[in-house]
Amino acid sequence: RKEVEQDPGPFNVPEGATVAFNCTYSNSASQSFFWYRQDCRKEPKLLMSVYSSGNEDGRFTAQLNRASQYISLLIRDSKLSDSATYLCVVGRRGGSYIPTFGRGTSLIVHP
Amino acid sequence: DGGITQSPKYLFRKEGQNVTLSCEQNLNHDAMYWYRQDPGQGLRLIYYSQIVNDFQKGDIAEGYSVSREKKESFPLTVTSAQKNPTAFYLCASSIGGTRTGELFFGEGSRLTVL
């Protein structure tokens, strides 16, 4: 089983739709969780951190479920500009902080 | 402006040649990382360094080497031993230590082996 797993998609949704992605992780000792956005042929950029209490930033909501070992990202009122790949990142410790990436979920928002 | 600079952005090499990718940061971060990304795939960790003069192998270190002689710099050498080196290489840094903070990325280096 991969350490961090995501459904690669693509998720193809119309503008204005609500879409949700999940990401599961296998290491129960994982301590930090993030969502990054990556545009085609560009570097990833931080979208948001994921806290145990959940957090919201405008149209984006991230949640963590430690018992079931997954994190989620909800995007409301999708825009064309939200089209990208969304990468789940889980931080594990092996004496050092080691961020591990999922393979990403592709989102395509169409008019 | 603080950030991470990778060079070159595009690189072509012949089979059997070593090539070194540069990564420089002025964020005063302790931790630096090298990732490889193949089409349609996530990022896989090659090497990481938490402090100057120390580095560890990641998940796919074979055929690669690094050095960390200065805090600001973490160059990656792709050796001829790397069987399939064509990929997008990303360097990142974070505050480091016990803090599990945001990763800051360079713009990446796209290596093509002819």
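The values are calculated or read from the model by the stated rules, or taken from the named source; none is laboratory data. Here the structure is a predicted model, which means the values were calculated and not measured. Here Cβ is always computed from backbone atoms with ideal geometry, including for glycine, and neighbour counts include all displayed protein chains.
Things to note:
- Count - residues of the stretch A:65-105 that are of a type in the set (Ser, Thr, Tyr), facing chain B (nearest Cβ under 9 Å) and surrounded by fewer than 19 Cβ atoms within 10 Å (Cβ to Cβ): 1
- Residue among B:Gln6, B:Gln37 that alone is over 24 Å from A:Ser30 (Cβ atoms) and of a type in the set (S, T, N, Q): B:Gln6
- Selected residue (criterion: nearest to the other protein chains (Cβ to nearest Cβ)) from residues of the stretch A:27-40 that are outside any strand (DSSP E or B) and either closer than 14 Å to A:Val89 by Cβ or in contact with a Pro (Cβ under 7 Å, 6 or more places away or on another chain) (or both): A:Gln31
- Test: residue in the stretch B:96-106 that is among the charged types (D, E, K, R), at pLDDT 95 or above, more than 12 Å from the chain's Cα centre (by Cα) and surrounded by 15 or more Cβ atoms within 10 Å (Cβ to Cβ): no
- Check on B:Gln56, surrounded by fewer than 19 Cβ atoms within 10 Å (Cβ to Cβ), over 30 Å from A:Gly9 (Cβ atoms), within 12 Å of chain A (Cβ to nearest Cβ) and of a type outside the set (D, E, K, R): yes
- Per the conditions (1) polar (S, T, N, Q); (2) away from chain B (no Cβ under 14 Å); (3) more than 9 Å from the chain's Cα centre (by Cα), the sole criterion not satisfied by A:Asn22 is (3).
- Of the residues making up the stretch B:56-105, those that are free of Cβ contacts under 8 Å to residues at least 24 places away in the same chain and in contact with a Phe, Trp or Tyr (Cβ under 9 Å, 6 or more places away or on another chain) are B:Gln56, B:Lys57, B:Ala61, B:Ser65, B:Ser67, B:Ala81, B:Gln82, B:Thr98, B:Arg99, B:Thr100, B:Gly101, B:Glu102.
- All of A:Asp77, A:Asp57 fail the test of being at pLDDT 95 or above and of a type in the set (D, E, K, R), apart from A:Asp77.
- Residue within the stretch A:48-64 that is within 14 Å of another protein chain (Cβ to nearest Cβ), among the β-branched types (Val, Ile, Thr) and over 21 Å from B:Tyr48 (Cα atoms) present: yes
- Test: B:Ala92 is surrounded by 21 or more Cβ atoms within 10 Å (Cβ to Cβ) and either of a type in the set (A, V, I, L, M, F, W, C) or modelled with pLDDT of 95 or more (or both): yes
- Breaking point among (1) modelled with pLDDT of 95 or more; (2) surrounded by fewer than 13 Cβ atoms within 10 Å (Cβ to Cβ), for B:Ser65: (2)
- Within the stretch B:68-92, the set of residues being closer than 17 Å to B:His29 by Cβ and more than 11 Å from chain A (Cβ to nearest Cβ) comprises B:Arg68, B:Glu69, B:Lys70, B:Lys71, B:Glu72, B:Ser73, B:Phe74, B:Pro75, B:Leu76.
- Output for the stretch B:32-46, where each listed residue is under 30 Å from A:Pro10 (Cα atoms) and in a strand (DSSP E or B): B:Tyr33, B:Trp34, B:Tyr35, B:Arg36, B:Gln37, B:Leu43, B:Arg44, B:Leu45, B:Ile46
- Evaluation of A:Glu43 against (1) surrounded by fewer than 20 Cβ atoms within 10 Å (Cβ to Cβ); (2) outside any strand (DSSP E or B); (3) more than 15 Å from the chain's Cα centre (by Cα) (one fails), failing number: (1)
- Test: residue in the stretch A:2-15 that is more than 14 Å from chain B (Cβ to nearest Cβ) and surrounded by 14 or more Cβ atoms within 10 Å (Cβ to Cβ): yes
- For A:Pro111: the one exception among (1) crowded, with 19+ Cβ neighbours inside 10 Å; (2) touching a residue at least 24 places away in the same chain (Cβ under 8 Å); (3) over 28 Å from B:Arg36 (Cβ atoms): (1)
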